[in-house]
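These notes concern the structure reproduced below.
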Amino acid sequence: MPYDLKPIDIDVETTPYLEGREDIAGDRWTLNFGPQHPATHTTLRIVMELDGERVARAVPHIGYLHSGFEKLAEALDYNQYVTIVSRMDYVSPICNDIAWHGAVEKLFDIDITPRCKVVRTILFELGRIQNHLMCVGAAALDLGAFTGFLYGFNEREHIYDIIDYVSGQRFHPDYTRVGGTMMDLPDEELFKKMVKKFINEQMPPALDDLFGMLSRNRIFRDRTEGIGVMSKEEAIQWSLTGPLARASGVKRDVRKDEPFLCFEDNWDGQGSSAVNFKVPIATTGDVFARFLVRVEEIKQSVEIIKQLIDDIPGGPMNTVADGKAVKPPKSGVYGSIEGLIQHFELVMTNRGWEAPINEVYSCVESPNGELGYTIVADGGPRPWRVSVRPPCFINYATFSKMLEGHLLADTVAILGSINIIAAELDR
């Protein structure tokens, strides 16, 4: 039950520093939780006011990365900025790449090819699995279940192998470009083989082991059930999205409500239906419910990939746009003067960008919730302003609400269930 914060009588004349703080109990002390703490990953600081072992107040502090992500957009063109967004949610960077260029393509009114949509959707769901495995594994680690972390991290390595094969980089792929990708799949059959081996042979048994080990563990259940509860009404009031909202009973998923890529009907222009999947919903809104939602979302992502992997359309990966915002294929660069000029203007002079003077907002269902980009363009080769709606920034705002009244030891359980990626906190 909620901790009862009972005010005491305070003589402000003898303790003037407590003026306006008459609600503080008499036997409280301040504790800095992090940033030098394993559960805060050196980038989060929480100033706690403790009454014994109970947390009476908790004030999160951010700003330890000094990244300036939004401001950097004003100095980079629409392709170069992808190297920055992949460093926001660095646990699943491919999702950031796809979200950013989806917003840019909305600004330029560019419709990507069916082949590109399928490949992006597959990679997006691999990124979701990648993120959830890290969240569940690290949350288990913070509570002392080191084996759970190894189970989750081992499967992430297989996704890194796939990303590395497609883009040439394991950690920050920076794979997307305006109107397509940096290059086509090196070998489509080998790509399919790698993905199918992962979703059919490697992921299912590992997930079953991880889920069974934690869900049947009495200590894990005691540390997570009834902890950090957010009701459905509270989740809506705090603007929560993603697994946190769905664990509290909020039935919202951008893939269903504002579909993009292969999540919308007629995504290929030939009447194809959207991929079929279920949105997992829980009602208890506690740490354990968030764990269950993420595990089920991994299973649903596997099902989405299964529907697409055997039917990747042929044709070009990059669209052929009326303007010059899309890079020409390498064959065109090396084989024609028009392709060489277009490539030169985009990369060397920035003269190829013909952005409309407009403002757009585009969002996706990232692993942690709604990830959105607002782009304000003034017709130049770079955005005039970029504003990000990072899910971790919104979700972290609820941490104090979830934690107050709980024991100090519950801090790491609640923090792990929110899955804060600190790079999304610093603008």
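When residue 318 is tested against (1) within 30 Å of residue 237 (Cβ to Cβ); (2) crowded, with 19+ Cβ neighbours inside 10 Å; (3) of a type in the set (S, T, N, Q); (4) touching a strand residue (DSSP E or B) at 6+ places or on another chain (Cβ under 9 Å), just one condition goes unmet, and that condition is (1). Scanning region 29-54 for residues that are under 22 Å from the mean Cα position of the chain (by Cα) and polar (S, T, N, Q) gives 40, 42, 43. Among the residues of region 163-185, those that are of a type outside the set (Asp, Glu), crowded, with 17+ Cβ neighbours inside 10 Å and within 19 Å of the chain's Cα centre (by Cα) comprise 163, 172, 173, 175, 176. Only one of the numbered conditions (1) among the hydrophobic types (A, V, I, L, M, F, W, C); (2) in contact with a Gly (Cβ under 7 Å, 6 or more places away or on another chain); (3) surrounded by 17 or more Cβ atoms within 10 Å (Cβ to Cβ); (4) closer than 21 Å to residue 137 by Cβ is violated by residue 198, and that is (2).
What do you reckon, is residue 246 among the charged types (D, E, K, R) and either over 30 Å from residue 313 (Cβ atoms) or free of Cβ contacts under 8 Å to residues at least 40 places away in the same chain (or both)?
yes
Pairing residues of region 385-414 that are in contact (Cβ under 8 Å) with a residue 40 or more places away in the chain with residues that are of a type in the set (Ser, Thr, Tyr) and surrounded by fewer than 21 Cβ atoms within 10 Å (Cβ to Cβ), at Cβ distances under 8 Å and at least 6 apart in sequence or on separate chains, gives 385/374; 386/374; 387/374; 388/374; 394/239; 404/3; 405/3; 406/3. Within region 144-179, track down each residue that is among the charged types (D, E, K, R) and either assigned to a loop (DSSP other than H, G, I, E, B) or within 25 Å of residue 77 (Cβ to Cβ) (or both). Result: 170, 174, 177.
Here region 343-372 is the region considered, the condition is being touching a Gly at 6+ places or on another chain (Cβ under 6 Å) and at pLDDT below 80, and the residue that is surrounded by the most Cβ atoms within 10 Å (Cβ to Cβ) is 346.
The values are calculated or read from the model by the stated rules, or taken from the named source; none is laboratory data. All of these numbers come straight from a predicted model, not from anything done at the bench. Positions of Cβ are backbone-derived with ideal geometry, glycine not excepted, and every protein chain shown enters the neighbour counts.
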